[in-house]
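First the structure, in the form of structure tokens, and then the observations on it.
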């Protein structure tokens, strides 16, 4: 049994969205729903301004609120710590969605079930990396067993200051970030789902 | 269900009206105009009514979930389809294919399964759009009759 | 709607008469499988096949592996064997399936019905299409004026077959997009070092990188190969400084970003050079040995370009310029510059890139590990892998448009086809060259070109362009103005030999191969051109003796160990004996090489031209310039200018953009364009996965600027552009050009005198996704609820190119994309 986690080094994320699209392709994620994406946030005032790129996904929390909230037992923890949703047991009561502080869960209308990132358990079972990790061109994501001190993720987690998204939610995420510029607090109010109402309309008023 | 209506619709969304069919239908429009209408509706550029369940359901690609589900259905029942050369059919979730399967299976419980699980969820709305969008007969009326047959 | 309506009785009678119910007319047939065991639901058959190939979502051409199951492409990942991309691909690369299986693809040959541009089409067979096109082209060829057949290409990665066909036909009218892209950078580098037109900084091993407006994190022809190396360098503590008018993602990834006024990059480089000279931070010895201009004199030349002057013009603080100069020189030889369209796509871009290039010579980092490097091959080793014969001779006919003689450096290096793409349609309109047939290939000039409305006007005019064939994957503004549309295969369904300038400084060769069979009736040029050649005849067919494309590539790849079979397996080949191209100019010439040569003014001449130079008594290879040294001073460009009645300074200089200072003082803004990382021109705009990430392009404005104009975030504005005030530019009379309506996006990440609009939106045709639903013709059948999944439909999407003036740099012909002056005014509600 492993304690699978992911480390994302924000120093080398170039914001390219290869992870976002790889996830869409891997799971056929419907348009408008997101298991993984990259948040862009600007900070500062001209001319001292920058933009941060922050990949986000389900945190597979140690204290997963979705798991406790699900009344039908559809949200389960796998042997290696991944939190997943069993389609067949989901009755779309949406309790998990309400409980998740990361807005990481959506309704897949076609499948009639709640859905989210699985840490690609179908790939890791075959010894492969999750699709987003494989797709990352700069290798800013490291996936592995946090309990194995020899693993790259454990080594990098030990060698760097690591932090988590929304620590105050108390969910003990297993997605860790190297975030020297302190960007994560800037997306404290955001979730994995993209705000699909934020665009300016092209229709003349 | 009238099989002739189903098969005529299957053909109309899959390929152009040729001279014999035009004559049989009694269409007054020249073949070229009918061909242009076929392109405008189904093939493009910029098709107005692409006859694919996947497109209708807003999937990113032709032959996505909708085709996979239909393939599973066909495999489960040991069915396969043969599309004649020249037909503008790229994936099995094409309305022409679904209607051909329906015609083949009707009447019976498997036809009902096909209708309920695969055809009706998108084709009723689709045929209504087609009826509204078609500028030339027989597309509008055929869409209406076909919709009535499968409702 | 026709007045005739079909009654149910008609329909039933017809069905019965025609026997469609009994499949008498030939319908889709249902058959029972021969298998006896029905398969369980949910189980797919067969294993995943992994096919190595090359991406072409942009021109970086990264190595990919396609995962294919039961004939369907599932996913795409990077090919670790590719030495350039090293297993990495970007979002565009991963999104390949969404292009391949896009429901709006062009998949059947189409002939227009009715007027050109009316949008009515009918399917035709390939045989009909071939016959009509071959008849037209044969008549042109037999008329003795082959140049009247023009070929317009975008970013072509099938150069061998295109050149083969055009040469065999005998037309020189091959129009490319280079002047809209990289012309100035290439011209500047060729002028300075001769060996190459493409710098390949050794970024991964560098400690200090000065970036003049290149956006390698999002665009750039070396996109992912460069970006991944930059990140490795950062991990090792390298510093990246970016000058850019806009906070690009690259600027955001840099340690320092300076917002510069567009068109001042060269001045900044000259000011940095000035500090380096004044403070003696230079590698004077290297400069004196390896350039053709004395360091003292160059110091004298740049003395006028003070940091204070640069600050006044560019906005970069003088103190920062001084510090950066010291840091850059202090890191040599492990320091380098990088630049691209940010510095080059200007009216003064040639000199900007010259100044930047020479800055490297000043610190002696040229060819050094971690320094400013290059490779003599921009593609694969063409001596080791020659194109299979017979090769057609180059055309003897002349094309006034392709030669573009008004721009002295446009075709100064004949092996590098540069040309001045933005003037093609203006010159056709002015009837400077008669066009009888135009074939457009992988290009959407009617949307992507400056003054795209002029392109559309010309393409719509059957007098100016009597016959237009368009070959593309996607419907476009250009295909809309064709007579025949040929459905092109995507890069996932076709063959190519390909490779890019090697970022690892060792050349390589790659294979693009079909990962699935072509969808619908789409075909590639490699099938179309040989067939057309056979039908046109007259000897053309002689150059296409191969029965299949595989046969051709078997021959092409025969010199690779393991041949074509190995290429199909691995996708790429690198000769393990080759070493990185460090310090190539130091190489001593052998006695054998020196045999029969003569030395004149230190330059060693062989029978086919200069081959080396005497340096401190040793015969060395040197650089590929006339002097065999780094040409800080280029008599060549000066002479070429004089021949065309243009003054081209032999030394890098700063020439302010004419009219900018005055117009900025009047409150006008400089309009620039930019590209998001998930898009590459029109070919990606139909991908729903990519559009979902980036689909809208409001105008970026600095809050201070907006407040001065009384504008808030989201306000509707009218942006009005003006032609350059520039007698050396066609129609450079400063007159008003055009207007667009858009909305304001406030950001601190932009220079206050700049308005920036992304060009990854604003399609007017091509399907509901590409056009954000503004393509009204399409929306009917997609109306909610079904269209609802495309949640961004209706968001702001504005075409910028119509109001960009045709603005060639008078020296080279490079389109000055970032020099357009505009006024901005608030309008109510956008109506």
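Any read-out appearing in this document is the output of simple, stated calculations on the displayed coordinates, not a laboratory observation. Predicted model only: the values in this text are computed from it and were never measured. Note that we place each Cβ from the backbone using ideal geometry, even for glycine, and neighbour counts take in every protein chain shown.
Numbers below:
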read-out	value
Alpha-carbon Rg with Dmax, taken over region C:723-772, Å	15.6, 42
MRE, 222 nm, helices only [DSSP H, n ≥ 4, -39500 (n - 2.57), over chain B, to nearest 500]	-16000 deg cm²/dmol
Exposure proxy ranking, count of Cβ atoms within 10 Å, fewest first, for C:654, C:585	C:585, C:654
Rg and Dmax [Cα atoms of region B:1-115; Å; Rg one decimal, Dmax integer]	14.9, 44
For region B:111-141 and region C:702-720, distance of Cα centres in Å	48 Å
Where labels lie 7 Å past Cα in the beta-carbon direction, separation of residue A:172 and residue C:414 in nm	7.6 nm
Alpha-carbon Rg/Rh ratio, for region C:660-826, with Rh computed the Kirkwood way	1.01
Quotient of Cα Rg and 2.2 N^0.38 Å for region C:647-689, N being how many residues it contains	1.98
Nearest 10 degrees, 0 to 90: helix B:95-105 Cα axis against chain B principal axis	60 degrees
Highest average packing first - B:37-47, C:801-811, Cβ atoms within 10 Å	C:801-811, B:37-47
Residue C:7/residue C:461 FRET efficiency (R0 56 Å; Cβ-Cβ; nearest 0.05)	0.80
Peptide C:193-200 - average C-beta neighbours from other chains (10 Å radius)	0
Residue of A:188, A:43, A:26 that the Gaussian network model of chain A assigns the largest fluctuation, springs spanning Cα pairs under 10 Å	A:43
Potential lengthening between residue A:93 and residue A:111 on full extension [0.36 nm per residue; Cα-Cα distance subtracted]	5.1 nm
Distance (nanometres) between label positions extended 7 Å along Cα→Cβ at residue B:19 and residue C:320	7.5 nm
Rg and Dmax [Cα atoms of region C:199-363; Å; Rg one decimal, Dmax integer]	14.6, 40
Model label zone, residue C:826; criterion: amide N under 13 Å from point 7 Å along Cα-to-beta-carbon; scope region C:710-734	C:710-718
Principal axes of region C:585-643: Cα extent on each, largest first, Å	39, 22, 16
For residues of C:686-695, the mean tally of beta carbons on other chains within 10 Å	5
Relative pair counts by distance (%), Cα atoms of region C:441-530, 5 Å bins	3, 13, 18, 17, 14, 14, 12, 7, 3, 1, 0
Residues residue C:118 and residue B:116, FRET efficiency given R0 of 35 Å [Cβ-Cβ distance, rounded to 0.05]	0.25
B:7, C:567 arranged by Cβ crowding within 10 Å, fewest neighbours leading	C:567, B:7
Degrees separating the helix B:65-76 axis from the principal Cα axis of chain B, which is the longest one	60 degrees
Highest average packing first - A:109-115, C:198-204, C:602-608, Cβ atoms within 10 Å	C:198-204, A:109-115, C:602-608
Calculated FRET efficiency for the pair residue B:135/residue B:1, C-beta based, R₀ 25 Å, to 0.05	0.35
Exercise: per-residue mean of other protein chain Cβ atoms within 10 Å, C:86-93	6
Taking C:705, C:125, A:163 and counting other C-beta atoms within 10 Å, the order from fewest to most	C:125, A:163, C:705
Cα convex hull volume per residue for chain C (Å³)	195 Å³
Mean Cβ neighbour count within 10 Å, used as a protection proxy, ranking A:58-70, C:296-308 highest first	A:58-70, C:296-308
Angle between chain C longest axis and helix C:126-142 axis [Cα atoms, degrees, rounded to 10]	50 degrees
For region C:295-430, diffusion coefficient by Stokes-Einstein and Kirkwood Rh (Cα), 20 °C, 1.002 mPa s, µm²/s	113 µm²/s
Once the Cα gyration tensor of the protein assembly as shown is diagonalised, semi-axes √(5λ) in Å	50, 37, 29
Expected 222 nm ellipticity per residue - DSSP helices of 4 or more, -39500 (n - 2.57), all of chain C, to 500	-7500 deg cm²/dmol
nm² value of the averaged projected area, convex hull over the Cα atoms of region C:107-151	4.0 nm²
Estimated distance in nm for a label pair at residue C:594 and residue C:547, the labels positioned 7 Å out from Cα along Cα-to-Cβ	5.5 nm
Largest-first ellipsoid semi-axes for region A:4-187, taking √(5λ) over the Cα gyration tensor eigenvalues, angstrom	26, 19, 16
Stretchable slack from residue C:48 to residue C:432, in nm (0.36 nm times residue separation minus alpha-carbon distance)	132.7 nm
